[in-house]
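The next block holds one structure in the form of structure tokens; read it before the comments.
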């Protein structure tokens with residue numbers, strides 16, 4: 001006889017696992033500081049629409065990476081360490097650029113609102129919000145969740161509920177952080193915002209370097225086995 005309470009508890013624990021694994025690497029709070037600096041002054045309706053687009057794109061990126069990431073990489077003959085090294089370079093370059101960007105110049109050079117919405121996927125979603133680190137973690141979760149829930153495949157109902165539930169929570173947090181990023185900026189003031197922006201850019205740079213080093217380490221391990 002199936003213990004429904006035990007089944008529900010297992011799914012909740014797996015959902016929390018997804019959130020706990022993705023939240024630090026997605027870092028919605030730090031990404032929001034970078035987001036608001038790049039966007040500049042826009043209408044509240046535009047910022048809301050942009051936040052919605054980024055949250056939706058992030059959801060599909062993460063859920064596709066979790067469910068089919070390994071198969072897609074295998075189809076194209078791409079190894080996970082290649083994704084880590086290439087994506088890490090993009091993340092590190094973005095962090096370095098933002099770290100050395102003049103805040104005042106960035107604000108005055110804000111792109112048109114139509115252009116901002118067109119850039120919702122790149123670079124606002126990928127790689128600023130969901131980068132190669134997040135994708136790698138999602139792929140790893142896809143390999144781990146079935147065993148966590150004692151299922152044989154990813155498309156079992158319990159695995160799907162945990163995956164969709166956890167990623168939905170992450171994307172809701174992203175949406176809220178991006179939606180209220182401008183208000184948080186006003187609350188922090190110019191100096192506080194600049195400090196958060198520089199710190200977030202430095203963390204983004206470090207994340208990129210860490211992803212690159214992880215990819216290189218994985219590559220060297222495969223070379224050593226040859």
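The values are calculated or read from the model by the stated rules, or taken from the named source; none is laboratory data. Values in this document were obtained by computation on a predicted structure and should not be read as measured data. Cβ: placed from backbone, ideal geometry, glycine included. Neighbour counts: every protein chain shown.
Would you confirm, using the coordinates I've provided, whether residue 55 is in a helix (DSSP H, G or I), farther than 14 Å from residue 136 by Cβ and modelled with pLDDT under 90?
Judged against the criteria, residue 55 is not a match.
Please verify whether residue 160 is surrounded by 14 or more Cβ atoms within 10 Å (Cβ to Cβ) and modelled with pLDDT under 90, treating the condition exactly as stated.
So residue 160 does not fit the description; no.
Looking at (1) part of a helix (DSSP H, G or I); (2) closer than 18 Å to residue 215 by Cβ, which one does residue 78 not meet, given that it meets all the others?
Checking residue 78 against (1) part of a helix (DSSP H, G or I); (2) closer than 18 Å to residue 215 by Cβ, the one that fails is (1).
Surrounded by fewer than 21 Cβ atoms within 10 Å (Cβ to Cβ), within 22 Å of residue 119 (Cβ to Cβ) and out of contact with any helix residue (DSSP H, G or I) (no Cβ under 6 Å at 6 or more places or on another chain): which single residue out of 8, 56, 42, 16 fits that description? Walk me through it before giving the result.
Working: 8 fails: within 22 Å of residue 119 (Cβ to Cβ); 42 fails: out of contact with any helix residue (DSSP H, G or I) (no Cβ under 6 Å at 6 or more places or on another chain); 16 fails: within 22 Å of residue 119 (Cβ to Cβ).
Only one candidate passes the filter, namely 56.
Could you tell me which residue of the range 114-151 is farthest from the chain's Cα centre (by Cα), considering only residues that are assigned to a loop (DSSP other than H, G, I, E, B) and closer than 13 Å to residue 65 by Cα?
131
Is it true that residue 35 is touching a helix residue (DSSP H, G or I) at 6+ places or on another chain (Cβ under 8 Å), surrounded by 19 or more Cβ atoms within 10 Å (Cβ to Cβ) and either within 27 Å of residue 139 (Cα to Cα) or at pLDDT 85 or above (or both)? Before the answer, list the steps.
Numbers: touching a helix residue (DSSP H, G or I) at 6+ places or on another chain (Cβ under 8 Å): yes; surrounded by 19 or more Cβ atoms within 10 Å (Cβ to Cβ): yes; either within 27 Å of residue 139 (Cα to Cα) or at pLDDT 85 or above (or both): yes.
Yes; evaluated as a whole, the condition is true for this residue.
For the range 87-99, indicate whether the set of residues that are closer than 22 Å to residue 37 by Cβ, modelled with pLDDT under 85 and in a loop (DSSP other than H, G, I, E, B) is non-empty.
no
To keep it simple, each residue is scored yes or no on (1) out of contact with any helix residue (DSSP H, G or I) (no Cβ under 8 Å at 6 or more places or on another chain); (2) in a helix (DSSP H, G or I); (3) under 24 Å from residue 84 (Cα atoms).
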| position | (1), (2), (3) |
| --- | --- |
| 170 | no, yes, yes |
| 173 | no, yes, no |
| 178 | no, yes, no |
| 183 | yes, yes, no |
| 194 | no, yes, no |
| 199 | no, yes, yes |
| 202 | no, yes, yes |
| 210 | no, yes, yes |
| 218 | no, yes, yes |
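Answer yes or no: is there a residue in the range 184-204 that is crowded, with 20+ Cβ neighbours inside 10 Å and either within 18 Å of residue 21 (Cα to Cα) or in contact with a strand residue (DSSP E or B) (Cβ under 9 Å, 6 or more places away or on another chain) (or both).
yes
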